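S.K.: So that we are looking at the same thing, I have put the structure below in structure tokens.
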Amino acid sequence: MKILITGGAGYIGSLLAIDLKIRGHNVVVYDNLLYNHGNCVYSAWGGIQFYNQDLTQINDKLKGELVRAKEKIQSARRVFLIGNGGSQSVCSHLSQDFLKTAGILAYSMEGSSLITACANDFEYKNAYKEWLRLNQFDGDSGDVLIVISSSGNSRNILNAMEFAHIKNTIALTAFHESWTKTHSTDIDWSFLREFDAVVHLAAIVGATACKIDGWRAIEVNLELTKKIVDNLNEDQVLIFPNTNSSYGSVPEGICTEETPRNAISLYAQTKDDAEKYVLENHEKSVVFRLATVFGCSPRTRVDLLVNTLVYEAYFNKKIDIFDGGLRRNYVHVQDVVNTIMYAIPKKKMFGQVYNLGLDEANMTKLELATLIGKELDVPVNISEGHDPDRRDYLVSSKKLQDIGFIPHVSLQDGIKELVNFYKMLPKDSSQREQILRQHRNDYYED
């Protein structure tokens with residue numbers, strides 16, 4: 001088979017590319033090398049076609065418009081955000097991020113009851129416009145309206161823009177010709193149709209990374225996914241590795257694929273919206289909701305929780321942990337790769353979502369730290385601190401096991417593997433840091 005891997009030079013993709021090539025597939029990788037990590041993978045990639053390509057390709061005109069939009073937001077008195085469906089969910093998260101991170105007063109139309117009330121009183125096409133009026137929106141005094149719309153043709157959005165006046169509006173859309181386009185026309189997307197299967201790994205990964213650059217997160221995690229889906233033929237297979245972060249906080253019970261999602265970060269929301277689009281618009285698709293990945297690959301990440309704690313235990317001879325009661329589950333990177341390869345030819349998996357994790361590795365952060373501390377014989381210290389990522393859940397992968405695939409690499413085996421990797425690094429911290437810059441995404445994620 002001829003298989004495309006987007007984001008294929010990353011943590012999962014670099015190992016997947018090698019394993020697919022070993023099995024005789026024709027492998028093509030697209031990756032923008034955002035973290036300058038090409039040296040990690042080139043030497044391992046004999047016979048793999050690689051393109052250092054950013055598939056989002058934001059054009060120069062749009063870059064200028066985004067800079068102006070940023071300046072307008074930073075100087076705003078208040079920011080109002082509106083959108084329909086999944087776009088409104090993004091607006092909700094952005095309004096919280098503007099307030100918490102940048103100290104900008106930001107509002108979105110929260111809650112179905114408020115939307116219903118405005119729609120009943122003013123008609124749905126006028127709901128957002130009247131909400132702005134009731135909040136005394138005044139562009140001349142520095143208020144700014146941000147609208148997010150896939151089509152750019154929704155009447156309720158257009159009426160709100162007209163009320164706010166275009167000069168006070170930042171509009172993001174994919175299709176409407178009179179609005180800012182979020183996709184470059186420079187890419188000929190027909191190239192996708194030469195592949196039998198596409199594994200779409202390209203993403204801005206993690207809550208912290210997405211919070212730092214929310215616009216980029218939406219562009220890569222959601223809009224790029226839509227673009228890929230829209231340009232595939234119906235007979236092509238699409239594998240979409242997602243995150244299980246969208247379960248949010250589930251204090252009772254164990255999450256299955258049927259558990260309602262409760263995204264509590266922009267990262268989880270963009271990936272959740274992308275998953276919905278994949279399943280609704282491409283029949284031959286398979287979605288995996290990944291647990292936190294651990295273990296080694298050609299581009300081993302050292303900024304994921306298991307890998308980070310083993311690093312601290314090995315080099316610092318201790319582990320400091322905070323918010324130890326929060327629960328996560330974990331899966332080895334090789335098991336992720338094996339699952340993807342298992343799914344590509346399996347017709348019975350098409351159109352389905354599968355949790356992917358080690359069921360025996362459902363544990364609290366403190367339990368994980370204690371396990372690692374025992375393996376490396378180092379103390380575990382409970383530190384004061386607050387994890388901004390409030391995800392807290394247990395997850396079952398029984399659905400995947402029932403069709404014949406069971407992850408098999410244990411946490412203990414992964415810890416030993418990581419220790420062997422860290423033994424190869426320089427003992428001098430400055431020399432070690434030079435190497436590890438290519439092995440982290442600049443953001444600590446768990």
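S.K.: Residues in the range 248-258 that are within 11 Å of ASN355 (Cα to Cα) and open to solvent by less than 50 Å² (accessible area, probe 1.4 Å): how many?
M.R.: So in the range 248-258, the residues within 11 Å of ASN355 (Cα to Cα) come out as 255-258.
With open to solvent by less than 50 Å² (accessible area, probe 1.4 Å) added as a condition, the list becomes 255, 257.
Residues flagged as within 11 Å of ASN355 (Cα to Cα) and open to solvent by less than 50 Å² (accessible area, probe 1.4 Å) within the range 248-258 amount to 2.
S.K.: Can you pull out every residue in the range 360-370 that is touching a strand residue (DSSP E or B) at 6+ places or on another chain (Cβ under 8 Å) and not in a strand (DSSP E or B)? Talk me through it step by step, then tell me what you get.
M.R.: Looking only at the range 360-370, we keep the residues that are touching a strand residue (DSSP E or B) at 6+ places or on another chain (Cβ under 8 Å), and these are 361-366, 368-370.
Scanning the range 360-370 gives ALA361, ASN362, LYS365, LEU366, LEU368, ALA369, THR370.
S.K.: Hey, any hits in the range 320-337 for a residue that's modelled with pLDDT of 95 or more, outside any helix (DSSP H, G or I) and hydrophobic (A, V, I, L, M, F, W, C)?
M.R.: The answer is yes, given that some residue of the range 320-337 is modelled with pLDDT of 95 or more, outside any helix (DSSP H, G or I) and hydrophobic (A, V, I, L, M, F, W, C).
S.K.: Then there is this: Restricting the search to the range 126-135, which residues are open to solvent by 50 Å² or more (accessible area, probe 1.4 Å) and not charged (D, E, K, R)?
M.R.: Looking only at the range 126-135, we keep the residues that are open to solvent by 50 Å² or more (accessible area, probe 1.4 Å), and these are 129, 133-135.
Once the filter is applied, which keeps residues that are open to solvent by 50 Å² or more (accessible area, probe 1.4 Å) and not charged (D, E, K, R), the range 126-135 yields LEU134, ASN135.
S.K.: Kindly check whether there is at least one residue in the range 368-380 that is within 25 Å of the chain's Cα centre (by Cα) and either open to solvent by 10 Å² or more (accessible area, probe 1.4 Å) or under 22 Å from TYR247 (Cα atoms) (or both).
M.R.: yes
S.K.: Could you tell me which residue of the range 86-113 is farthest from ARG216 (Cα to Cα), considering only residues that are outside any helix (DSSP H, G or I) and free of Cβ contacts under 8 Å to residues at least 12 places away in the same chain? Explain how you work it out, then say what you get.
M.R.: Within the range 86-113, the subset outside any helix (DSSP H, G or I) is 103-111.
Filter again for free of Cβ contacts under 8 Å to residues at least 12 places away in the same chain, leaving 103, 111.
Working: GLY103: 20, GLY111: 26 Å.
Per the stated criteria, the residue is GLY111.
S.K.: I'd like the full set of residues that are in contact with a strand residue (DSSP E or B) (Cβ under 7 Å, 6 or more places away or on another chain) and closer than 19 Å to ARG23 by Cβ, limited to the range 297-331.
M.R.: none
S.K.: May I pose another question? Tell me which residues, restricted to the range 283-298, are of a type outside the set (Asp, Glu) and open to solvent by 10 Å² or more (accessible area, probe 1.4 Å). Walk me through how you get there before you give the answer.
M.R.: Pass one, the range 283-298, residues of a type outside the set (Asp, Glu): 284-298.
Passing the criteria: LYS284, LEU290, THR292, VAL293, CYS296, SER297, PRO298.
S.K.: Could you check, for the range 337-354, whether at least one of its residues is of a type outside the set (S, T, N, Q), in contact (Cβ under 8 Å) with a residue 24 or more places away in the chain and under 24 Å from GLU375 (Cα atoms)?
M.R.: no
S.K.: Follow-up. Picking from ASP235, ASP303, ASP272, which residue would you name as being among the charged types (D, E, K, R) and either under 22 Å from ALA9 (Cβ atoms) or without any contact (Cβ under 8 Å) to a residue 12 or more places away in the chain (or both)? Break it down into steps so the answer makes sense when it comes.
M.R.: Working: ASP235 fails: either under 22 Å from ALA9 (Cβ atoms) or without any contact (Cβ under 8 Å) to a residue 12 or more places away in the chain (or both); ASP272 fails: either under 22 Å from ALA9 (Cβ atoms) or without any contact (Cβ under 8 Å) to a residue 12 or more places away in the chain (or both).
Criteria check complete, one pass: ASP303.
S.K.: I need the helices (runs of 4 or more DSSP H) fully contained in the range 136-237, keeping only those with at least 3 residues that are at pLDDT below 90 and open to solvent by 50 Å² or more (accessible area, probe 1.4 Å).
M.R.: Working: elements: 155-164, 207-212, 214-217, 224-230.
Helices (runs of 4 or more DSSP H) meeting the threshold: 155-164, 207-212.
S.K.: Continuing with the same structure: Taking the range 303-318 as the search range and keeping residues that are surrounded by fewer than 23 Cβ atoms within 10 Å (Cβ to Cβ) and not in a helix (DSSP H, G or I), which one is farthest from the chain's Cα centre (by Cα)?
M.R.: Per the criteria, the residue is LYS317.
S.K.: Tell me whether the range 383-391 contains one or more residues that are assigned to a strand (DSSP E or B) and either at negative phi or open to solvent by 40 Å² or more (accessible area, probe 1.4 Å) (or both).
M.R.: First, the residues of the range 383-391 that are assigned to a strand (DSSP E or B): none.
No.
S.K.: Mind checking whether some residue in the range 67-75 is surrounded by fewer than 19 Cβ atoms within 10 Å (Cβ to Cβ), over 23 Å from LYS226 (Cβ atoms), β-branched (Val, Ile, Thr) and at pLDDT below 90?
M.R.: Yes, the range 67-75 contains at least one residue that is surrounded by fewer than 19 Cβ atoms within 10 Å (Cβ to Cβ), over 23 Å from LYS226 (Cβ atoms), β-branched (Val, Ile, Thr) and at pLDDT below 90.
S.K.: Would you please name the residue that is modelled with the highest pLDDT, looking only at residues in the range 31-66 that are open to solvent by less than 50 Å² (accessible area, probe 1.4 Å) and over 25 Å from the mean Cα position of the chain (by Cα)?
M.R.: Ranking the qualifying residues of the range 31-66, first place goes to ILE48.
S.K.: Just give me the residues in the range 78-87 being of a type outside the set (Val, Ile, Thr) and over 18 Å from the mean Cα position of the chain (by Cα), in sequence order. Step through it out loud before you land on a result.
M.R.: Taking the range 78-87 and keeping what is of a type outside the set (Val, Ile, Thr), we get 78, 80-81, 83-87.
Residues satisfying the conditions are ARG78, PHE80, LEU81, GLY83, ASN84, GLY85.
S.K.: Kindly indicate whether any position in the range 328-336 is within 24 Å of GLY13 (Cβ to Cβ) and either without any contact (Cβ under 8 Å) to a residue 60 or more places away in the chain or open to solvent by 30 Å² or more (accessible area, probe 1.4 Å) (or both). Reasoning before the result, please.
M.R.: Applying the first criterion (within 24 Å of GLY13 (Cβ to Cβ)) to the range 328-336 yields 328-336.
Among the residues that remain, those that are also either without any contact (Cβ under 8 Å) to a residue 60 or more places away in the chain or open to solvent by 30 Å² or more (accessible area, probe 1.4 Å) (or both) are: 334.
Within the range 328-336 (the criterion being within 24 Å of GLY13 (Cβ to Cβ) and either without any contact (Cβ under 8 Å) to a residue 60 or more places away in the chain or open to solvent by 30 Å² or more (accessible area, probe 1.4 Å) (or both)), the answer is yes, since at least one residue qualifies.
The values are calculated or read from the model by the stated rules, or taken from the named source; none is laboratory data. Model, not experiment: these values are computed from the prediction. Note that we place each Cβ from the backbone using ideal geometry, even for glycine, and neighbour counts take in every protein chain shown. Quick note on the areas: whole protein, heavy atoms, side chains included, nothing else; ligands and nucleic acids left out. Shrake-Rupley method; radii C 1.70, N 1.55, O 1.52, S 1.80 Å.
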